[in-house]
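See below for the structure under consideration.
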Amino acid sequence: MTQINNEFPWIVDPGHEYLRVPRQLVINLGIADKISQCSFQSRDRFYAYLEGDCDAHVFYTAFKEKYGEPVFQFPPSLDSQDWRATVEPIVLR
């Protein structure tokens, strides 16, 4: 059985927060159609940045059901211009 990483960082900037998770994990969990356009993805499409108010909860619920309790990391807050320059609107379909 493949070991799944259960640690995910919150990306926090002055305006909002996002949960960074592997984009493919969102697809594999079957929740891609439940993720709003308020979320982002990295330009290389490796990571999804799930909007903190709704989309992160959808992920949390699905991940917990399939793999158990996820662990959230809280790195220092970021300047929104720094990290947002590396993302684009999310496309999961």
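Where a number appears in this text, it was derived from the coordinates with a stated rule and is not lab data. Predicted model only: the values in this text are computed from it and were never measured. Note that each Cβ is placed from the backbone with ideal geometry, even for glycine, and that neighbours are counted across all protein chains shown.
Calculate for the chain the 222 nm mean residue ellipticity that helices alone would give, adding -39,500 (n - 2.57) per DSSP H run of length 4 or more and normalising by residue count, nearest 500 deg cm²/dmol.
-7000 deg cm²/dmol
Give, as a single signed number, the net charge of other residues whose beta carbon lies under 12 Å from the beta carbon of PRO9, with Lys and Arg counted +1 and Asp and Glu -1.
It works out to a net charge of -1.
Tell me which residues come under 5 Å, amide H to amide H, from GLU17 once H is placed; ignore anything under 5 positions away on its chain.
Correct list: GLY52.
Size of the chain along its principal axes in angstrom, Cα-based, largest extent first?
Each principal axis gives a Cα extent; for the chain these are 39, 28, 23 Å.
Report, in debye and to the nearest 20, how large the dipole of the chain comes out about its Cα centre when Lys and Arg carry +1 and Asp and Glu carry -1 on their Cβ.
Taking the Cα centre of the chain as origin, the dipole is about 360 debye.
For GLU17 and GLN73 in one chain, what is 0.36 nm times their gap in residues minus the Cα-Cα distance, to one decimal in nm?
Computed gain between GLU17 and GLN73 is 18.9 nm.
Determine the gain in length on full extension of the stretch ARG43-VAL91; use 0.36 nm per residue of separation and subtract their C-alpha separation, reporting nm with one decimal.
16.2 nm
Which whole-number percent is the relative contact order of the chain (Cα, under 8 Å, 6+ apart)?
39
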